[in-house]
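**Q** Here's a structure for you.
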Amino acid sequence: MEQTKLRKLTIDDVDQLQKIGIQTFSDTFSPMNTEENMKRYLDREFSLDKLKTELVDKNSEFYFVELENKVIGYLKVNLGRAQTEIQNENTLEIQRIYVLKDFYGKKIGQLMYEKAIAIAKQKKVDYVWLGVWEENHRAISFYKKNGFKAFDKHIFKLGDDEQTDIMMKLEIKA
Ligand SMILES: CC(C)(COP(=O)(O)OP(=O)(O)OC[C@H]1O[C@@H](n2cnc3c(N)ncnc32)[C@H](O)[C@@H]1OP(=O)(O)O)[C@@H](O)C(=O)NCCC(=O)NCCS
């Protein structure tokens, strides 16, 4: 999309990050989960304190996609010990890649994905990986189209509900 800008976040962006984080997570997962489980997850994972800690972590990077100064998507990647699971320290995790509903299918996801791959190449990691809920068909086809392959399955807890995440990875060639 024209006029979209990718911008790296600082701690000053925490309020906007909380807003888009909660909005996109709710839009994506509320239809399939109870209100109580959603609230428990959102309160814990998107509290200002938690987000501030993540924003100052040297092993994590956040980016916004902005269109005319409106935030329409965000990306969070983790390196080294910031990864939510460490199979190998020299890998990069795409932990969050979210676009506002009104902007799905306009290559905003692709723009953020390419940023993640550029960071992975620059850091010379062995591979990029992520976990995606098995019911999230749109995201799974997005990753498959970009060459990711499933390599494992893990349990992810949303509130008290245990869900299966498919772990996918893409080898990075220098
Ligand atoms: C997954 C997501 C990041 C993709 O971003 P996007 O900007 O919508 O996707 P793009 O426009 O870059 O599309 C790229 C590819 O994604 C796939 N895709 C996009 N919309 C799709 C749909 N409705 N159904 C199936 N696949 C779809 C296609 O493979 C598409 O390629 P194509 O345009 O050549 O057909 C975005 O849809 C999103 O934020 N979803 C909700 C949040 C989420 O699930 N995040 C991932 C959590 S693991």
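The values are calculated or read from the model by the stated rules, or taken from the named source; none is laboratory data. Values in this document were obtained by computation on a predicted structure and should not be read as measured data. When we count neighbours, we look across all protein chains shown, and the Cβ atoms used for this are built from the backbone with ideal geometry, even at glycine. Keep in mind that these areas ignore ligands, DNA and RNA; they rest on the heavy atoms of the full protein, side chains included. Shrake-Rupley method; radii C 1.70, N 1.55, O 1.52, S 1.80 Å.
**Q** Here is a check on your reading of the model: is Y104 touching a Ser or Thr at 6+ places or on another chain (Cβ under 6 Å) and within 22 Å of K144 (Cβ to Cβ)?
**A** No; evaluated as a whole, the condition is false for this residue.
**Q** Scan the range 109-130 residue by residue and report those that are within 12 Å of the chain's Cα centre (by Cα) and in a strand (DSSP E or B).
**A** The answer is W129, L130.
**Q** On to the next question. Would you check which residues across the range 62-72 are touching a strand residue (DSSP E or B) at 6+ places or on another chain (Cβ under 7 Å) and more than 11 Å from the ligand (Cβ to nearest atom) and list them?
**A** Correct list: F62, Y63, F64, E66, L67, V71.
**Q** Starting from the range 91-108, take each residue that is closer than 12 Å to I20 by Cβ and list its partners that are open to solvent by less than 30 Å² (accessible area, probe 1.4 Å) and polar (S, T, N, Q), counting only C-beta distances under 6 angstrom and pairs at least six apart or across chains.
**A** From the range 91-108, the pairs are Y98/T24.
**Q** Sticking with this structure for a sec: Please find, within the range 73-108, the residue that is nearest to the ligand (Cβ to nearest atom) out of those that are open to solvent by less than 50 Å² (accessible area, probe 1.4 Å), not in a strand (DSSP E or B) and not small (G, A, S).
**A** I108
**Q** Name the helices (runs of 4 or more DSSP H) wholly inside the range 1-72 in which the number of residues that are over 23 Å from L92 (Cα atoms) and touching a helix residue (DSSP H, G or I) at 6+ places or on another chain (Cβ under 7 Å) is 2 or more.
**A** Correct list: 14-29, 35-45.
**Q** Right, another one. Hey, F64 hits all of (1) in contact (Cβ under 8 Å) with a residue 40 or more places away in the chain; (2) surrounded by fewer than 18 Cβ atoms within 10 Å (Cβ to Cβ) but one; which does it fall short on?
**A** Unmet condition: (2).
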